[in-house]
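Here is the structure we will look at.
The values are calculated or read from the model by the stated rules, or taken from the named source; none is laboratory data. As the structure is a computational prediction, the values presented were derived from the model and not from experiment. Here the Cβ positions follow ideal geometry from the backbone for every residue, glycine too, while neighbour counts run over all protein chains shown. Side chains included, ligands, DNA and RNA excluded: accessible areas come from the protein's heavy atoms. Shrake-Rupley method; radii C 1.70, N 1.55, O 1.52, S 1.80 Å.
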Amino acid sequence: MATLDHETLLGIVRNRPLLAVALLRAAAFVGEDEPADGEAIVLRFPWTRLASAEEPALAARYREIIAAARRTRANLGESTFGELIAFLRARIEEGLRHTDLIAQKGVRDWRAERDLWAKRDRVAFLESVLLDDFYLAVEEHTQAEHLLKLEAAAYSWHDDYQDDWRV
C-alpha cells in the first residue's frame with residue numbers, strides 16, 4: 001500500500017486542490033477489504049496521470065497574483081473605502097440623532113434605532129475586512145466592497161454621495 005507523507009499531502013492540497021478533494025473523497029469510500037495502493041488509485045482516477053510538469057510553477061504564479069491583488073486592495077482600501085466608510089458613519093450618526101430628537105418629543109422609534117445600530121455594526125465589520133485586513137481572501141474583499149456599496153446605496157440622494165460608489 002502506498003502512503004503519503006505530510007509534506008506530499010500538503011503539496012497536493014496546495015497545488016491541486018480539486019484532485020486532493022477527489023482523492024480524499026475516494027479514500028473515505030475505501031473499505032478494509034479494498035487496499036488503497038498507488039496503482040489502485042491510478043486505476044480509479046486515471047486523470048492523476050495527466051499531471052503537468054508546469055503545475056508547481058502555475059501554483060507559484062497564482063500565489064504571486066493573489067499577493068499582488070491583496071497589496072493593491074490594501075492600497076485602494078485606505079483611499080476609496082475610507083471615504084465611503086466615513087460617509088456611512090456620518091449618515092448613521094445623523095439617523096441616530098434624528099431618532100433621539102423624536103424620542104425627546106415622547107415617541108421612541110426602537111425599530112429605527114435597532115436598524116441603525118445593526119447598520120453601524122455591519123459597517124464596522126466591513127471596515128475590518130477592507131481596511132484592517134481582517135480576512136485575507138480576495139473574494140472576501142470583493143464581497144465586502146460590494147456590500148459596503150449596497151449600504152451606501154440607501155443614501156444615493158445625499159449631496160456627499162459619490163457616483164463611483166454606485167453598485
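Which ones in the stretch 107-124 are over 16 Å from residue 155 (Cα atoms) and either open to solvent by 100 Å² or more (accessible area, probe 1.4 Å) or among the basic types (Lys, Arg) (or both)?
Scanning the stretch 107-124 gives 108, 110, 111, 114, 121.
For the stretch 72-93: of the residues being at pLDDT 95 or above and loosely packed, with under 15 Cβ neighbours inside 10 Å, which is nearest to the chain's Cα centre (by Cα)?
Among residues in the stretch 72-93 that are at pLDDT 95 or above and loosely packed, with under 15 Cβ neighbours inside 10 Å, the one nearest to the chain's Cα centre (by Cα) is 90.
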